[in-house]
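Asks: Input: one structure, supplied below.
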Amino acid sequence: MNGIPSNLSEADPTVRRVLDALRSIVRELRLASASTGKHHGLSSAQLFVLHVLGKGGPLSLGELADATFTDQSSVSVVVRKLEEKRLVVKEVARSDRRRLDIRLSPEGRHRLGEAPPPVQSTLIRRMAALQPRELIQLAGLLEALVPPAGEAPPMFFEERGRRPGKEADHGTA
């Protein structure tokens, strides 16, 4: 047995189209990740967070999670790394002393100005061009391909639980 379910032909052009599309997306993400890390010393996720802060900052952690379409625990890992690199600053909001705002540092703004647009922004723009029903259908179909998970996935190429100094990923996104 070759591992292909009996209801699919080995030459099924639709399966090939799906796999080709997924391979193209993964390739685009990896190339962007490698380029960002190599030329700018940032992961894809870090660049995406800088980009979002550059457009709408300062933001709370929750607002940043919403703006990056991820969860707070994932974005907090990225923010911590950016803070260690002195590219973002956390400060108590003037309007609400209970709120902690995250904003670009001068160095973060400079690095953002030199970096290419994040690949996540390109993907989000492409999704926005779909009809709402198409986007809902795409989400459902992709979710059907993903194994059930107990927690929200981290940002692209961002690994949870990595010890400081042990970053193997170049393209957190």
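Asks: Go through the range 129-155 residue by residue and tally those that are in a helix (DSSP H, G or I) and touching a helix residue (DSSP H, G or I) at 6+ places or on another chain (Cβ under 8 Å).
Replies: 2
Asks: Hey, another quick one. Say we look at the range 15-56 and pick out the residues that are among the β-branched types (Val, Ile, Thr) and closer than 19 Å to ALA67 by Cα; which of these is most open to solvent (accessible area, probe 1.4 Å)?
Replies: My answer is VAL52.
Asks: Hey, can you tell me all the residues within the range 51-75 that are part of a helix (DSSP H, G or I), of a type outside the set (A, V, I, L, M) and under 13 Å from ARG103 (Cα atoms)?
Replies: Selection gives HIS51, GLY54, LYS55, GLY56, GLU63.
Asks: Can I ask one more? Considering each of ARG126, ARG109, ARG86 in turn, give the residue that is modelled with pLDDT of 90 or more and in a loop (DSSP other than H, G, I, E, B).
Replies: ARG86
Asks: State which residue pairs qualify: first residue over 26 Å from VAL89 (Cα atoms) and inside the range 107-129, second residue at pLDDT 90 or above in any location, beta carbons under 6 Å apart, and separation of 6 or more residues or different chains.
Replies: MET127/LEU135
Asks: Across the range 91-113, what is the number of residues that are surrounded by 14 or more Cβ atoms within 10 Å (Cβ to Cβ), out of contact with any His (no Cβ under 7 Å at 6 or more places or on another chain) and not aliphatic (A, V, I, L, M)?
Replies: Going through the range 91-113 one residue at a time, the tally reaches 6.
The values are calculated or read from the model by the stated rules, or taken from the named source; none is laboratory data. As the structure is a prediction and not an experimental result, all values here were calculated from the model. Positions of Cβ are backbone-derived with ideal geometry, glycine not excepted, and every protein chain shown enters the neighbour counts. Just the protein is used for accessible areas: all its heavy atoms, side chains included, with ligands, DNA and RNA removed. Shrake-Rupley method; radii C 1.70, N 1.55, O 1.52, S 1.80 Å.
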